[in-house]
Amino acid sequence: MAKLLGKLHEEKVFKDPVHRYIHVRDELIWRLIGTREFQRLRRIRQLGTTYLTFHGAEHSRFSHSLGVYEITRRIIDIFQEKKTWDPEKRLLVLSAALLHDVGHGPFSHSFEKVFGVDHEEFSRDIILGDTEVHRVLLQMGEDFPVQVAEVIAKTHRDKLIVSLISSQIDADRMDYLLRDAYFTGVSYGNFDIERILRVMRPTEEGVVIKSSGMHAVEDYIMSRYQMYWQVYFHPVTRSAEVILSKILHRAKELYETGYTFKRELSHFKTLFDGNVSLHDYISLDEGVIHYYFQGWMEEEDSILSDLCHRFIDRKLFKYTEMVSFTDGHLLSSYFTEAGINPKYYLVVDSSSDLPYDFYRPGEKEERLPINLLKPNGDIRELSRESDVVEAISGKRRTDHKLYYPLDLIEAIEDKTLKSKIKEILNR
Amino acid sequence: MFEDHLKVVTLIQEAGEVVGRKKLQKMVYIAKKLNFPFQEKYQFHFYGPYSEELTLKIEELCNMGYIHEVKEKVSGYSQYRYAVNEEGQQLLSTYGAEIEKLGSCVRSMNEQSSRFLELVSTVMYFEKLDKDEIKEKVQTVKAKQKYTEEEMDEAFNYIDSLKGQVQ
């Protein structure tokens, strides 16, 4: 592969609160960081609405992407001496690590659900389309952008380089656990990353861990488990996410029924029409979304206006454990009777996580296991060696909540109706 | 508020019984690709398109008592069977709505092997590529499955026939 972009004359460094320094020695990486598509990630929060629960969670996808790049760079430095590592793959993996989230939009989760867009497809489009990122990657060879896109999409033939960025112990997860713990201020997400990096070994089928590093991996798995339930699935964050989704649903519905918005919908029009272009997508960031939400607070439509007030002013929905299907329908009809539209004000939200999954012979699960390399060269799956990991392996934990606006329920004048609603919600 | 759950119950009801989690995952994915109104988000995992949201929804339906899940041991590994139970039937008769043309597609898919549906869903996942590129892609990402040229042609024909049914 002809490398048209070589080393920088001088190493560049970024100060980083998690890794202290992020080192850039390659012109390719430096130029990718400077593209408008990558710079856009500065304006997209890594944890979406989590800042409404943990006020420190203001960090961006930009800093996370640099962190994933830095961890990958350090892994490759360790792999350089190993026979099973192909040094020709270095820039391919580093580019994929840096760009793995480049297709994320603002509040991705809600946008994807409401508008049917997929950040992974946009990552591919940004890498292969008419973009600054694509033009930089092309300088490494005609085929280079396609290869980067395939590594990110997990469809590249080289399982080892895919596993560095997407597996149960990868650079992406290691960075987001440490970074999200740091910025949210919780003490759960920490683990000994230095130790894990030192015991990673490359094989054709992916990364394996020297068995002497098993306890560091146990700590990593437990950190992940705790972060999911303490931070990522926090019910208050989910309440904000529910409201955000409903705002987008309402605005889309109004647009489809010919409602005249006070503010021109230039950024949203193609999204509502279902034909969003790459250019329009790249122009979206959280600043743009907040600008619209502020404007929609003044709209005539009382539902859109109310939901935007709730989001901007953090007047979130309350929640209870999910009710039965029958009670749900009963609640819907009571809400309608009270003049509260259940489509926007009665929402079920579910979260689920499988902290670690192992390989079951004959049954194909969706995750590759973490394998340990024994001193005699044997490979053993992690949960067969670790009692701690075995205890949580394959055990999915789920949480289902029903969200509702308590203030609107309290304001219902019909006392009988109000008590019927509260009786179901308090069951 | 449970509309998307109802669609999953409807699909299982149309199938009668679905044997295997992977099969159910692929059936919903293929139905979604055929523009039936399923909302579950899918991602490409090592073994093809997979939806965490669907897994969660099925678990909820089992917990709510509308879907019956049976775990059985088959030559050393676990296999799951799914069917709509009596409460689920009642639910469908009260709140369910027919999804036009879904039944024949679902019953046809249910007659196929899980291995074949894995191939069909993978081919559909790469539908933006041209036919030869798709074949090459399948051989790369599914190397261990060792799909033959005939099986791949069969998958393409099968997709065409499903598309014909929904038109």
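Rounded to the nearest 5, the antiparallel percentage of DSSP beta bridges internal to the protein assembly as shown is 95%.
Taking 7 Å steps out from each Cα toward its Cβ at A:E321 and B:K41 produces label points 2.7 nm apart.
Taking Cα centre as origin and charging only the Cβ of basic (Lys, Arg, +1) and acidic (Asp, Glu, -1) residues, the dipole magnitude of the range B:3-166 rounds to 420 debye.
Only the Cβ atoms of Lys and Arg (+1) and of Asp and Glu (-1) were treated as charged; on that basis the dipole of the range A:7-118 about its Cα centre amounts to roughly 160 debye. Would you please give the FRET efficiency between B:N63 and B:S161, computed as 1/(1 + (r/R0)^6) with r the Cβ-Cβ distance and R0 = 41 Å, to the nearest 0.05? For B:N63 and B:S161, the calculated efficiency is 0.70.
Put a plus charge on the Cβ of each Lys and Arg, a minus charge on the Cβ of each Asp and Glu, and nothing anywhere else: the dipole of the protein assembly as shown about its Cα centre is then about 1240 debye. In this simple spin-label approximation, A:E413 and A:E194 carry label points 7 Å from Cα along the Cα→Cβ vector, and these lie 6.9 nm apart. Find me the longest stretch of chain B that has none of the exposed trypsin sites (Lys or Arg not before Pro), where exposed means in a DSSP loop (not H, G, I, E or B) with at most 11 other Cβ atoms within 10 Å. Segment B:1-127 is the longest. Spin-label model, A:E264/B:L129: points 7 Å from Cα along the beta carbon direction are separated by 4.3 nm.
Of the GluC sites (Glu not before Pro) found in the range A:187-236, those in coil by DSSP whose Cβ has at most 15 other Cβ atoms within 10 Å are A:E204, A:E205. For A:K422, the aspartates and glutamates whose Cα falls under 20 Å of its own Cα, not counting residues fewer than eight places away in the same chain, are A:E321, A:D327, A:E337, A:D349, A:D407, A:E410, A:E413, A:D414.
Between rounded, prolate and oblate, where does the range A:36-106 land on the alpha carbon gyration tensor, with a ≥ b ≥ c its root eigenvalues, rounded for a/c under 1.5, else prolate if a/b exceeds b/c? Here the range A:36-106 falls in the prolate category. Relative to the dominant Cα principal axis of chain A, helix A:90-99 is inclined by about 10°. For the charge dipole of chain A, defined by +1 on Lys and Arg C-beta atoms and -1 on Asp and Glu C-beta atoms about the Cα centroid, which residue among A:H59, A:I75, A:L92 has the Cα displaced farthest towards the positive pole? Projecting each Cα onto the dipole axis, the largest value belongs to A:I75. Relative to the longest principal axis of the Cα atoms of chain B, the long axis of helix B:86-95 makes an angle of roughly 90 degrees.
If you take the Cα centroid of the range A:13-91 and the Cα centroid of the range A:363-427, the two points sit 29 Å apart. Note on B:56-64: average number of Cβ atoms from other chains within 10 Å of each residue's Cβ is 4. Using the Cβ-Cβ distance between A:Q39 and A:E121 with R0 set to 22 Å, the FRET efficiency works out to roughly 0.55.
The helix-only estimate of mean residue ellipticity at 222 nm for chain A, built from DSSP H runs of length n ≥ 4 each weighted as -39500 (n - 2.57), is -14000 deg cm²/dmol after division by the residue total. For the range A:212-264, applying the loop criterion from DSSP together with a ceiling of 14 other beta carbons within 10 Å to the trypsin sites (Lys or Arg not before Pro) yields A:K262, A:R263.
Extension gain for A:I312 to A:K12 (0.36 nm times residue separation, less C-alpha to C-alpha distance): 104.2 nm. The sum of -39500 (n - 2.57) across all DSSP H runs of n ≥ 4, divided by the residue count of chain B, sets its helix-only mean residue ellipticity at 222 nm to -18500 deg cm²/dmol. I need the shape label for chain B. Rule: rounded when a/c is under 1.5, else prolate if a/b > b/c, else oblate, with a, b, c from the alpha carbon gyration tensor. Judged from the Cα gyration tensor, chain B comes out prolate (a/c at least 1.5, a/b above b/c). With contacts taken as Cα pairs under 8 Å and at least 6 residues apart, the range B:3-166 reaches a relative contact order of 29 percent.
Mind running the shape call on chain A? Use the C-alpha gyration tensor, a ≥ b ≥ c as the square roots of the eigenvalues: rounded below 1.5 for a/c, prolate if a/b tops b/c, oblate otherwise. Cα axes put chain A in the oblate bin.
Our summary gives the range B:10-101 a relative contact order of 32 percent, counting only alpha carbon pairs under 8 angstrom and 6 or more residues apart.
For the range B:53-129, GluC sites (Glu not before Pro) meeting the loop criterion (DSSP other than H, G, I, E, B) and having at most 16 other Cβ atoms within 10 Å: B:E98, B:E100, B:E111, B:E127. For chain A, relative contact order (Cα pairs under 8 Å, six or more residues apart, normalised by length) works out to 15 percent. Can you give the angle from 0 to 90° between the axis of helix A:61-79 and the longest principal axis of chain A, with both taken from C-alpha atoms, to the nearest 10? The helix A:61-79 is inclined about 20 degrees to chain A.
Rounded to the nearest 0.05, the FRET efficiency derived from the C-beta distance between A:E81 and A:S187 at R0 = 30 Å is 0.25.
Coordinate-derived values only; no laboratory data. Quick caveat, the model's predicted, so the values are computed rather than measured. Note: ideal-geometry Cβ built from the backbone for every residue, glycine included; neighbour counts use all protein chains shown.
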